[in-house]
Amino acid sequence: MARILVLYYSSYGHIARMADAVAAGVRQAGHHCDVRRVPETAPAEVAAAAGFVADESHPLIGGIEALADYDGIVVGAPTRFGRMPSQMAAFWDQAGGLWFTDALVGKVGAAFTSSAAQHGGQETTLFSILTNLLHLGCTLVGLDYGFKGQNGVDVVMGNSPYGASTISNNDGSRWPSEVELDGARYLGRRVALTASKLHD
């Protein structure tokens, strides 16, 4: 049984909801999944002014060294001006020791994100996450076109071949749709199945 970590940062709850869907996909595939979040690093007054919602839905990750305990890592973070936010970047900036010891080489990595607008930097944010995972030696899994839900233009939706995603609207009023959650579940299953094959 593969052990998968869903690691995320969420300012308003959209990414937390996507994280639960990724985890559901892992578990539906018959594998173990832990969901953890990285700490909030924004000053309290900045978070309050921006209307951040305190996220208590999952425990904090114990530390960067915990990543070595998993066969796969799925990282979720909202876009901040076309890249991962500083909260997630600050966590990965601690990974020098893991990089130096090849602790994550051969593990499976994947990404998911959210943005306010349809063209709000989702793909560049996914790449900012995936680039870190590549530097650490992970084997990447995307949201491949086996997930047919990402095709078509009949409805507003996220998702791309680089990872699962959702669109929140400028005021945060739009929550992940069923097709976006399906994409997240599909991604979780693919990561778990790939990690299981590499783990065996």
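The values are calculated or read from the model by the stated rules, or taken from the named source; none is laboratory data. Owing to the predicted nature of the structure, the values given are computational and were not obtained by experimental measurement. Here the Cβ positions follow ideal geometry from the backbone for every residue, glycine too, while neighbour counts run over all protein chains shown.
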Close pairs (9 angstrom Cβ cut-off, 6 or more residues apart or separate chains): closer than 13 Å to residue 99 by Cα in the stretch 121-140, buried (at least 19 other Cβ atoms within 10 Å of the Cβ) and among the polar types (S, T, N, Q) anywhere: 138/132
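Given the condition surrounded by 15 or more Cβ atoms within 10 Å (Cβ to Cβ), at negative phi, in contact with a Gly (Cβ under 9 Å, 6 or more places away or on another chain) and part of a helix (DSSP H, G or I), answer yes or no: does some residue in the stretch 8-15 qualify? Write out each step before concluding.
Keep residues of the stretch 8-15 that are surrounded by 15 or more Cβ atoms within 10 Å (Cβ to Cβ), which gives 8-15.
From what's left, at negative phi: 8-12, 14-15.
When the remaining residues are screened for being in contact with a Gly (Cβ under 9 Å, 6 or more places away or on another chain), the result is 8-12, 14-15.
Cutting the leftovers down to part of a helix (DSSP H, G or I) gives us 14-15.
The answer is yes; a qualifying residue exists.
Here is a yes/no grid of residues against (1) surrounded by fewer than 22 Cβ atoms within 10 Å (Cβ to Cβ); (2) over 29 Å from residue 93 (Cα atoms):
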position: 115; (1), (2): no, no
position: 121; (1), (2): yes, no
position: 128; (1), (2): no, no
position: 138; (1), (2): yes, no
position: 145; (1), (2): yes, yes
position: 157; (1), (2): yes, yes
position: 162; (1), (2): yes, no
position: 174; (1), (2): yes, yes
position: 192; (1), (2): no, no
Qualifying residue in the stretch 32-40 (condition: in contact with a Phe, Trp or Tyr (Cβ under 7 Å, 6 or more places away or on another chain), modelled with pLDDT of 95 or more and not in a loop (DSSP other than H, G, I, E, B)): yes
The stretch 144-169 - residue that is of a type in the set (S, T, N, Q) and in contact with a strand residue (DSSP E or B) (Cβ under 8 Å, 6 or more places away or on another chain) and, of those, farthest from residue 190 (Cα to Cα): 168
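Inside the stretch 108-140, can you point out the residues that are of a type in the set (A, V, I, L, M, F, W, C), over 12 Å from the mean Cα position of the chain (by Cα) and closer than 25 Å to residue 2 by Cα? It would help to see each step written out before you state the result.
In the first step, residues of the stretch 108-140 are kept if they are of a type in the set (A, V, I, L, M, F, W, C); the result is 108, 110-112, 116-117, 126-127, 129-130, 133-134, 136, 138, 140.
Then drop every residue that is not over 12 Å from the mean Cα position of the chain (by Cα), which leaves 108, 116-117, 134, 136, 138, 140.
Matches in the stretch 108-140: 108, 134, 136, 138, 140.
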Selection status of residue 20, outside any helix (DSSP H, G or I), acidic (Asp, Glu) and closer than 19 Å to residue 112 by Cβ: no
